[in-house]
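Colleague: I am attaching a structure below and will ask some questions about it afterwards.
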Amino acid sequence: MITGVVTAAREAVLQVHVQGPAGQTTMEAVLDTGFTGFLTLPLAVVMMLGLPFAGTSRATLSDGSEVGLDVFEATVLWDGRPRVITVLAAEGGVRMGMAMLMGFRLTLEGVIGGRVQLDRLPSPGRP
């Protein structure tokens with residue numbers, strides 16, 4: 001189980017522990033169900049962690065415009081397990097997208113200070 005909180009800014013946030021070749025950090029990530037990727041990090045954090053470059057990607061923003069973003073590889077500690085993911089370098093805060101939530105049930109209490117909870121779903125074919 002992974003838990004977080006609804007902030008006074010009405011954002012659902014979770015702690016995420018990110019590791020790279022040059023270090024590790026824990027930070028708050030805002031859940032963004034309109035983002036289909038795993039995680040966005042500011043370029044300064046990407047550089048601090050020494051994340052390896054994995055290419056570029058086109059992204060469509062909420063206003064419909066398209067931008068090119070650099071893609072990096074990172075390891076996150078997720079539900080007690082290491083998980084290799086792709087990270088988009090983007091300014092504007094740390095965002096966690098739907099790719100991170102796949103295989104989990106999201107429950108949140110829609111009040112300030114409300115609980116945000118992710119529970120691992122049973123694997124297909126297992127009870």
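The values are calculated or read from the model by the stated rules, or taken from the named source; none is laboratory data. Here the structure is a predicted model, which means the values were calculated and not measured. Here the Cβ positions follow ideal geometry from the backbone for every residue, glycine too, while neighbour counts run over all protein chains shown.
Colleague: Just need a number here: residues in the range 74-111 that are without any contact (Cβ under 8 Å) to a residue 24 or more places away in the chain and closer than 21 Å to Arg58 by Cβ.
Modeller: 0
Colleague: Being assigned to a strand (DSSP E or B), under 13 Å from the mean Cα position of the chain (by Cα) and among the hydrophobic types (A, V, I, L, M, F, W, C) is the filter here, so list the residues in the range 95-117 that pass it. Give the derivation first.
Modeller: Keep residues of the range 95-117 that are assigned to a strand (DSSP E or B), which gives 95-96, 104-108, 115-117.
Restricting the remaining residues to those that are under 13 Å from the mean Cα position of the chain (by Cα) gives 95-96.
The answer is Met96, and nothing else.
Colleague: Looking at Gly92, Gly55, which one is small (Gly, Ala, Ser) and either under 17 Å from Ile2 (Cβ atoms) or in a loop (DSSP other than H, G, I, E, B) (or both)? Talk me through it step by step, then tell me what you get.
Modeller: Working: Gly55 fails: either under 17 Å from Ile2 (Cβ atoms) or in a loop (DSSP other than H, G, I, E, B) (or both).
Result of the check over Gly92, Gly55: Gly92.
Colleague: While we're looking at this one, here's another question. Of the residues in the range 1-30, how many are touching a helix residue (DSSP H, G or I) at 6+ places or on another chain (Cβ under 8 Å) and either part of a loop (DSSP other than H, G, I, E, B) or without any contact (Cβ under 8 Å) to a residue 24 or more places away in the chain (or both)?
Modeller: 2
Colleague: Right, Asp63: assigned to a loop (DSSP other than H, G, I, E, B) and either modelled with pLDDT under 95 or more than 26 Å from Leu118 (Cα to Cα) (or both) or not?
Modeller: Values: assigned to a loop (DSSP other than H, G, I, E, B): yes; either modelled with pLDDT under 95 or more than 26 Å from Leu118 (Cα to Cα) (or both): yes.
It is true that Asp63 is assigned to a loop (DSSP other than H, G, I, E, B) and either modelled with pLDDT under 95 or more than 26 Å from Leu118 (Cα to Cα) (or both).
Colleague: Can you tell me which of (1) crowded, with 20+ Cβ neighbours inside 10 Å; (2) under 10 Å from the mean Cα position of the chain (by Cα); (3) not in a loop (DSSP other than H, G, I, E, B) is the one Ile85 doesn't meet?
Modeller: So the condition that Ile85 fails would be (1).
Colleague: Tell me, please, whether a residue that is over 26 Å from Gly114 (Cβ atoms), modelled with pLDDT of 95 or more and surrounded by 18 or more Cβ atoms within 10 Å (Cβ to Cβ) can be found in the range 22-44.
Modeller: no
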